Every structure is written in C-alpha cells, then in structure tokens.
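Everything below concerns the one structure shown next.
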Amino acid sequence: MLGVEHWIWLQQIFGYGSAKVAGVISRFGSAENFYYSYSKKPDDDLLTPAESGRINKIKLEDTIKIIEKCKNLGYDIITPDDNRYPERLQSIANPPAALYVNGNLPNMDDEVGISIVGPRKPSEYGKKAALSLAARLSMAGLLIISGGATGIDSFAHIGALATGGKTIAVLGCGLNYPYLNANKKLRENISENGALISEFPPDYRASKNTFPIRNRIISALSLGTVIIEAGFKSGALITARHAAEQGRDVFVIPGNPSAEHYKGSNLLIKDGAKPLLTAMDILEEYINIYPHKINLRNAFDIDDADLLQKLRSTLKTFYDAGKVKKDELKPCLKTEDKTGLNKRHDISLLTETAKILYNYIDTKIIQPDELAEISGLDGSQLLSAITELELFGILKAIPGGRYEFIE
C-alpha cells in the first residue's frame, strides 16, 4: 500500500469529486510526487485559498489513522497508481483519488457493467422492472451496479443476487457509516457477492451533497446506465447526465407521458437516450464487443413465472429479517399477472410502438381502453400496435371488442 497515504491526503486537500485530481495525475504523475514537489515549491496558481489552508492543517500522519482503520475493518484501498484501479475511472474528468472497497472488486474494465438507477419510492411497475431486468442481465453474465439505497437501487441489487450474480454498490457515505440500517443485510450480501465501494473514508457521514458526488462513479464504472423511472427532479437524471458526459450509453424505460414519475424519463428519450423495452435491447448492444462475457441462452433459460418465484424467495430473505418494509415488498411478491403469462415471443422485429404495448400486456384477456390508459399510446398508435401484434400471432381478436394474448 505504498503511497496510499499521499492519495488520501490529496483527496482531503481538494475534496471529493474534484477535477484537480486528474490535473495532479497529468502534471505530477502521482500524489506522492505532488506532495514532495509542493513542499519544496508551493504553487499558488494550482490551489484555492481554502485548499492552501487545508494543506497547512492536514498532515500526512493523519491519513495513517484512516489506513489503519481500513486494515482493521478488512477494507481495501485502491488508488490511481494501483494496477487494480479501473481505467474507466482514470478516463473521466474527476476520478476519485482513493476507492475504499469492502468485498472483491473485479477487473471493471473487462466487465459488462450496467448501472440501474431510479427513485427511492418507485411505482409497482418500476420495482418489478428493476428486479426482472437486473435478474435477466445478471443471468447473461453482466455486472449490476447501483447505489445501495432503498427503492430501485435495492431491487436492482436483489435481482442480481437472486440469480447468483455479482453486484457492486457505490455508496454515498463511508463504508463503516451506519447509513440505512434497514439495508444492512443487503449490504452484507453485496460485499460477499461483489463489492461495496466508496470514495469517502470509512466513517464519513451521508449528506445531500455526497450522493450526487458518488453518481459519477456509478455511471463511469458502467458501459450503460438504465433509468427505470425519473421525474423532473429525480437524482437519477444526475447519473444519466454523468453517463452522457462520460460517453456511456443511457437506456430509459419509456412511460406514460402524463405520469409525473416518467416525465424526466421521457425527456431523456427525447434528448437522445435509448428506449429500453426488454433486456435484449441491452444485450444486443454489447454481445459483439463482449462475446466472452455474455451468454444469451442463460439470460432466458428460465420463464417469467419461475424467475418471479426465485425473486420472491430472495425478497423474503430480506423481508423476514425485517429489512424490507412490508408495504414496499408486497407488490413485488405478486406474480406478473394472475394468469401466469409466458412472454417468450421474439419481438425483435416489432416496431417500437408495438414493443411498448407488448411490454404493458399483463393479462390473458385484454381491454384496449385499459392498455391505452397505462401505456400512454394514443388511439392511432394503439390500433397500429394491436394490428401488428395480431399479424405476429401474439394477439387474437375475440368477441366484445377484446383481445386474447397467445402464448
């Protein structure tokens, strides 16, 4: 861990999320070189008055206490001059000067990392979407990344864990800080089947500022970021913005234009994000680049009903331990539909509108007016999509102006 203390010192001088870390790497090569160069010849053009003041207050010896605490807690510390430090982080404008790790951080540059983010109070559909998407992608060999918070973050992590996959949680506080005790068991599972990581020292408190700072790490470690749901003021939009600025893909589940929790999502699609309708939309994006990492057969080797049962069992593990609120869990324990639909059609040739409609079908017998209300499609779009699904043998007209879903 030679030189680690200099990176921790540098991080405390510049603050968390500072772009000056990249400047130090470029100009001095390492935090240690900067430390000794500055002690000989201070460069006031590089530092603000506040940073100069911290240099006089923060001693290198102070960082040894942090290193010792991490050693006692079993945490690893990865810095930019460590060959384990991800190139995906090195390449962004403001890479973290130190990463604290609890668990086993894989070679992130060879992982098909997909981050899944959204609100802490998602809709029932959002919960199911995060769970099932994370599960399908994990079964295909992808690494699921999120923020370890309640809501969509938790459901994304649980979806990966339920299918035996690996997952990474990027925390907005120190690894040892008792944030969200309700998620303690989940964090333990993540550290055993992936890793908890943070750029904040072990006991650093969570605040309204720390979460936006950590969002850039979530997106940077990922090839693509999935927005499950986002209103106009959703924090998920910050992650999406970081992803776009970092040259990463942004996938968004489209929703009802009149629903508040989809207004930010639909705006992202309007601005160029990729609409996400099935897990295949993501898998097809990366299968040719990472054929050694992605197994399409594994992703769909289990039908929706069996997958849901597996997810329900994993959710109950956390619920029975008192870690998931009953009212938050209950909707996700329902089957996708009461008839147990087997939605295993090849929809790759469908138009985007038809895929949207297909995505919302959750009953054997379908009333078009109900689909119009939940899907947000207008009359002509709905009629066109229904006709297309009929031509593909997915829907069949039955008496009473209704349609039957053909499995």
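Of the helices (runs of 4 or more DSSP H) lying entirely inside region 125-239, those containing at least 2 residues that are over 12 Å from the mean Cα position of the chain (by Cα) and surrounded by fewer than 24 Cβ atoms within 10 Å (Cβ to Cβ) are 184-192, 210-220. Would you mind stating whether ASN102 is within 27 Å of ALA169 (Cβ to Cβ) and assigned to a helix (DSSP H, G or I)? For ASN102, the condition - within 27 Å of ALA169 (Cβ to Cβ) and assigned to a helix (DSSP H, G or I) - is not met.
The residues of region 332-385 that are among the basic types (Lys, Arg), modelled with pLDDT under 75 and surrounded by fewer than 17 Cβ atoms within 10 Å (Cβ to Cβ), listed by number, are LYS334, LYS338, ARG344.
Out of curiosity, is SER115 part of a strand (DSSP E or B), within 30 Å of ASN359 (Cβ to Cβ) and modelled with pLDDT of 95 or more? So SER115 fits the description; yes. Listed by first and then second residue, the pairs with beta-carbon distance under 6 Å, at least 6 apart or on different chains, first residue in region 181-192 and touching a residue at least 24 places away in the same chain (Cβ under 8 Å), second surrounded by fewer than 13 Cβ atoms within 10 Å (Cβ to Cβ), are LYS185/ALA321.
The values are calculated or read from the model by the stated rules, or taken from the named source; none is laboratory data. Source: prediction; values computed, not measured. Neighbour counts run over all protein chains shown; Cβ positions are idealised from the backbone, glycine included.
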